[in-house]
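What follows is calculated from the coordinates using simple rules that are stated; it is not laboratory data. Predicted, not measured: the structure shown is a model, and the values here were computed from it. Don't worry about glycine lacking a Cβ; one is built from the backbone with ideal geometry, like all the others, and counts go over all protein chains shown.
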Amino acid sequence: MQSEEIRQKFLSFFEKREHVVLPSASLLPENDPSVLFNTAGMQPLVPYLLGQPHPTGSKRLVDVQKCVRTVDIDEVGDNTHLTFFEMLGNWSLGDYFKKEAITWSYEFLTSKDEGLGLDPKRLYVTVFEGDENAPRDDEAYSIWQDLFESVGLDPEKRIFFLGAKSNWWSAGDNGPCGPDSEMFYDVTGTLVEGLTKEEFLVADDRQEIVEIWNDVFMEYKKENGSVVGKLSLQNVDTGTGLERAVCVAQGKNNVYDTDLFALILEKIDQLSKESNVRARRIIADHIRSSTFLIADGAIPSNTDQGYVLRRLIRRAIRFADTMGIPPNSLGKLSQVVIEKYTPTYQNLEAKKTLIIEEIEKEETKFRRTLSHGLKQFEKLCHADISGHDAFLLFSSYGFPLELTKELASEKGVAVDEEGFRSEMKEHQDRSRTSTEGKFKGGLADASEKTTMLHTATHLMLAGLRKYLGADIHQAGSNITEERSRFDFTYGEKVSRDILDKVEAYVNEAIADKCTVVTEIMDKEIARQSGVEGSFWEKYPDKVTVYMVKGTDGTLYSKELCGGPHVENTGNIRGVFRIIKEEASSAGVRRIKAVIE
């Protein structure tokens with residue numbers, strides 16, 4: 001069963017069960033300043049999980065969501081970890097709950113006609129054991145017990161209670177959360193007789209079983225890191241990573257041996273002079289991620305999404321060099337990814353030229369950086385190289401430890417590997433804290449000041465379009481309590497005179513005490529009526545349109561947005577100021593603005 005068939009089977013399975021099929025949102029979140037990428041299928045749906053009606057009008061949804069997650073980047077190359085992945089997800093917004101969610105999960109995994117046709121004897125399950133926040137999930141256990149007994153399997157050897165570290169899910173310190181039930185599959189085919197809990201944990205650690213599905217029962221709410229009570233609705237967030245589903249369906253013991261990676265790995269092998277299983281997997285993963293990120297609007301840079309993209313490309317270059325792949329070959333690998341995924345994601349072919357150009361440009365830049373790094377190495381190699389200096393070569397010049405050790409050996413000097421790893425761990429801890437801190441419950445926990453700036457930023461875009469033309473579109477944003485940072489499509493510096501006019505436009509709307517309303521309408525009607533928005537092809541047939549209407553009927557802003565806004569612009573306390581305008585990347589400008 002090929003990946004394309006599995007994608008479609010999943011959508012069809014839940015569509016038959018009255019779920020509305022949604023297109024994937026962009027990897028780069030729109031109107032969500034709290035996260036760099038969509039790292040989970042639920043992120044684009046946070047407002048609806050918290051009670052906002054979905055534009056489709058349905059309480060049952062299903063999608064295949066593109067995701068990028070780099071917290072575990074050092075684990076990439078093992079059997080399961082990836083930076084880019086697709087999440088198959090089905091959702092209940094206050095409709096069905098545990099019984100249906102668990103039963104349908106089991107049916108899709110084991111049904112030969114509608115699902116993956118997996119062997120129930122190789123299936124294992126965990127449920128929440130309970131703590132001070134919520135009781136033991138005996139209901140989920142009982143549902144699973146009935147399912148296993150119905151096929152003659154002993155539940156005690158299949159279902160295990162685990163704590164919050166494994167079986168409690170939350171978006172962060174604020175927002176929806178709740179217990180979950182996770183499904184695991186024996187990829188060895190040797191654990192069909194059942195396991196004790198201790199044997200299960202060992203098999204999990206050895207990757208002899210892999211998690212293939214997760215049912216999250218969102219019925220609680222977190223505030224500032226603590227569970228404070230229940231949500232108004234009981235929601236379900238369930239699903240699986242496509243790559244793992246394909247892995248088990250195709251009888252593989254790792255995600256890289258599936259059809260999703262076959263073509264790019266074949267190309268890597270054709271170009272390589274050396275054999276290195278981990279390196280070829282890392283190259284394949286990172287080029288796949290980079291291809292999708294550029295297609296969705298990211299450009300290599302030194303900040304935010306662009307920094308992560310740059311790191312992925314440069315890491316792929318380093319590992320390509322270790323395999324003897326000729327310089328300037330990564331564009332060829334990206335082309336293979338585009339060909340594989342274009343039937344599902346048409347924007348890859350549309351952005352093909354841009355994608356390959358950006359990857360090739362970044363490789364050229366990095367090779368110049370490597371040259372500078374060699375000069376720095378020559379300054380350090382007259383004595384043993386400290387862990388700090390080895391890490392400096394890595395972080396500033398892109399030298400992997402292996403390269404530094406090889407060069408040092410030629411010079412007859414040693415490298416403090418332990419010191420390097422200590423510096424690396426400290427760096428990773430800082431990075432992980434920073435990345436996790438970016439996501440604090442999606443749009444749900446936006447503060448009053450952030451919400452003011454969010455509405456003002458939409459007004460600013462409307463002002464830019466008024467004075468610079470209708471070709472101006474959002475290219476990214478990041479909004480905090482202190483400032484709004486906004487990227488937009490424009491090819492030259494914007495004069496201070498124009499910026500002053502845009503400022504005046506926003507402040508006029510604030511002074512007018514405009515009503516801010518949202519309306520759900522047909523996508524095509526919204527588009528034809530001049531509603532501003534990007535990535536129209538990714539939206540469902542019904543969309544949420546936000547509008548700022550003046551007291552005299554003036555329509556200051558009309559844009560696609562499901563995020564938080566003030567109810568009236570009079571609630572924006574202060575004066576809107578544009579304090580900086582500069583280049584962000586080719587054809588994109590950046591504005592920093594505040595409310596004083």
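For the stretch 497-508, the Karplus equation 6.51 cos²θ - 1.76 cosθ + 1.60, evaluated at θ = phi - 60°, returns couplings of 4, 5, 4, 5, 5, 5, 3, 4, 4, 5, 5, 5 Hz by residue, with Gly and Pro reported as x. Shape class of the chain from the alpha-carbon gyration tensor: oblate, with a/c at 1.5 or above and b/c at least as large as a/b.
Orientation-averaged projection of the stretch 446-595 equals 8.4 nm² [convex hull of Cα atoms, one quarter of hull surface area]. Label positions at Glu193 and Asp205, each projected 7 Å from the Cα along the C-beta direction, are separated by 2.2 nm.
Using amide H atoms built in the peptide plane, which far-off residues or other-chain residues are under 5 Å from Tyr490 H to H? The list, which skips near neighbours in sequence, is Val588, Arg589. Extending 7 Å from the Cα toward the beta-carbon at both Thr554 and Gln8 defines two label points whose distance is 5.3 nm. Evaluating kT/(6 pi eta Rh) at 4 °C and 1.567 mPa s, with the Kirkwood radius of the stretch 279-343 over Cα pairs in the Stokes-Einstein relation, gives 109 µm² s⁻¹. Distance from the C-alpha centroid of the stretch 333-386 to that of the stretch 1-29: 32 Å, rounded to the whole angstrom. Our helix-only sum for the chain, with -39,500 (n - 2.57) per DSSP H run of n ≥ 4 divided by its residues, gives a mean residue ellipticity at 222 nm of -13000 deg cm²/dmol.
Spatially, the stretch 100-136 and the stretch 166-222 are offset by 10 Å when compared through their Cα centroids. Rounded to the nearest whole Hz, the Karplus-based 3J(HN,Hα) values (6.51 cos²θ - 1.76 cosθ + 1.60, θ = phi - 60°) of the stretch 83-88 follow the sequence 8, 10, 7, 10, 9, 7, with x at glycine and proline. Suppose R0 equals 22 Å. What FRET efficiency, 1/(1 + (r/R0)^6) with r the Cβ-Cβ distance, do Ser111 and Asp259 give to the nearest 0.05? Rounded to the nearest 0.05, the efficiency is 0.55.
Residues whose amide H lies under 5 Å from that of Phe160, counting only those 5 or more places away or on a different chain, are Val125, Thr126, Val127; hydrogens are built 1.01 Å from N in the peptide plane.
Using 13 Å as the cut-off for backbone N distance, which residues of the stretch 576-594 belong to the label zone defined by a point 7 Å from the Cα of Ser495 along Cα→Cβ? So the set is empty, nothing qualifies.
A simple spin-label model places pseudo-atoms 7 Å from Cα toward Cβ; at Thr353 and Glu418 they are separated by 5.7 nm. Fully extending the segment from Ser386 to Thr364, taken as 0.36 nm per residue of separation minus the present Cα-Cα distance, adds 5.0 nm.
Per residue, the convex hull spanned by the Cα atoms of the stretch 339-393 amounts to 109 cubic angstrom.
Taking other C-beta atoms within 10 Å as the exposure proxy, Arg527, Arg590, Arg496 rank Arg496, Arg527, Arg590 from fewest upward. Residues whose amide H comes within less than 5 Å of that of Val566, counting only those at least five positions distant or on another chain, are Thr455 (H built at 1.01 Å from N in the peptide plane). Given q = 0.09 Å⁻¹, what are the Debye log10 I(q)/I(0) values for the stretch 3-257, with equal point scatterers placed on the Cα positions and solvent ignored? Values, matching the q order: -0.37.
For the stretch 38-76 and the stretch 469-505, what is the centre-to-centre distance using only Cα atoms, to the nearest Å? With the stretch 38-76 and the stretch 469-505 each reduced to a Cα centre, they are spaced 28 Å. Of the listed pairs Lys466/Lys542; Lys59/Lys542; Lys466/Lys558; Lys98/Lys197; Lys375/Lys405; Lys493/Lys592, which have alpha-carbon separations greater than 18 Å here? From Lys466/Lys542; Lys59/Lys542; Lys466/Lys558; Lys98/Lys197; Lys375/Lys405; Lys493/Lys592, over 18 Å: Lys466/Lys542; Lys98/Lys197.
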